[in-house]
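To keep things clear, I will list the structure first and then write my remarks on it.
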Amino acid sequence: MSAIATTILSIILMIGLGYVLKRIDFLSESDIDPFNKIVMYILMPCMIFNAIYNADLASLPKLGILPFIILASSAATGAVSFVILKKLKLDDKTLWSVLVTVMIANTAFMGYPVTLGIFGDEGFLRAIFCDMATLCTFLLLSFVLILKFGGTIKTALRKIALFPPLWAVVLGLLFNFIGIPIGDVLSNTVDYLGRGAIPLIMVTLGLSIDFSALSRSKSMIAFTSVMKLMFFPLVAFLIVNYLGLVSLENTVAVVEAAMPSGMMSLLLAITYKLDYELTSDCILINTVISLITLPLIIIFL
């Protein structure tokens, strides 16, 4: 069986496990928040730090183009979506509830396990750089929503400054460049914790699946799925071909662009009192749909 099929089927099984555990009342949706905190504040930072700390960063100048590809794709998708949604005469809260879902890709929670499973450590390192663009998009949208719906710039900056994966990138680069040893015990601990991130992420995604969302928000789910899962990666594909990127940079950039909507979209919707149920519905359903579209895009590439 190919690496693509093996990785996608493994992901489906882990997500399915989470969904089954919810259905038999072994776990519940109330477990999602603590699981997400464990992943976001402990496991994922360890996984990112470990990857960057042990990586050969000789190709860093080449990797630096990846965030700009994702940022440009997000901006283009957001601009086209904004025009369409305006023509539909949606109210501002609904419009921005949808817009954040098409502009923020799940480059970490879904992107990391897919790239690691299919492309190995080299692909995972490139996925980390793609995810930097998602963080920038989150920051930019935070400022836009502050101006639109109220809030404080201080709060937005605090959320970014205290974002653990960001510090994992910074410290990983710093320790790698300077050559700071962390010792076998700490190295093993970080490695073991990092390995726990992907299974817990997948089980948590399974817990969050709610198919009743299909009946609540059909039209906007369809819209966000097309824009996020098809238009977004198409723009990335056109950009990497225009730039003449080859090999792994080309492939990982497009695959990361093809990820479903990120959970950080929901954080924005809740923080700025948008229609967070609509945002949640769109995220959950296009995550499920991405299990079909992602393998097709990877095979095409």
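Looking at the structure I just gave you, is Lys37 part of a helix (DSSP H, G or I) and of a type in the set (Lys, Arg)? Spelling it out, Lys37 is indeed part of a helix (DSSP H, G or I) and of a type in the set (Lys, Arg).
Of the residues making up segment 24-40, those that are more than 17 Å from Gly262 (Cβ to Cβ) and in contact (Cβ under 8 Å) with a residue 24 or more places away in the chain are Leu27, Ser28, Glu29, Asp31, Ile38. Looking only at segment 78-118, filter to residues that are among the charged types (D, E, K, R) and assigned to a helix (DSSP H, G or I); which one of those is nearest to the chain's Cα centre (by Cα)? Restricting to residues being among the charged types (D, E, K, R) and assigned to a helix (DSSP H, G or I), the top hit is Lys93.
Screening Thr94 on (1) over 21 Å from Asp210 (Cα atoms); (2) hydroxyl-bearing (Ser, Thr, Tyr); (3) surrounded by 15 or more Cβ atoms within 10 Å (Cβ to Cβ) shows it passes everything except condition (1). If only residues of segment 233-282 that are among the aliphatic types (A, V, I, L, M) and assigned to a loop (DSSP other than H, G, I, E, B) are counted, the one that is farthest from Lys148 (Cα to Cα) is Val246. Within segment 1-22, residues that are more than 16 Å from Ser290 (Cα to Cα) have Cβ atoms under 9 Å from residues that are modelled with pLDDT under 85 and acidic (Asp, Glu) in these pairs: Lys22/Glu29, counting only partners at least 6 apart in sequence or on another chain. Listed by first and then second residue, the pairs linking a residue in segment 72-85 that is modelled with pLDDT of 95 or more to a residue that is buried (at least 19 other Cβ atoms within 10 Å of the Cβ) and outside any helix (DSSP H, G or I), with Cβ atoms under 9 Å apart and 6 or more places separating them unless they lie on different chains, are Ser73/Ala105; Ser74/Ile104; Ser74/Ala105. Here Leu274 meets the list (1) out of contact with any Phe, Trp or Tyr (no Cβ under 7 Å at 6 or more places or on another chain); (2) buried (at least 18 other Cβ atoms within 10 Å of the Cβ) almost entirely, failing just condition (1). With respect to being touching a Gly at 6+ places or on another chain (Cβ under 9 Å) and either hydrophobic (A, V, I, L, M, F, W, C) or surrounded by fewer than 19 Cβ atoms within 10 Å (Cβ to Cβ) (or both), Leu63 falls outside the description.
The values are calculated or read from the model by the stated rules, or taken from the named source; none is laboratory data. Computed from a predicted structure; not experimentally measured. All Cβ positions, even for glycine, are placed from backbone atoms using ideal geometry, and neighbour counts span all protein chains on display.
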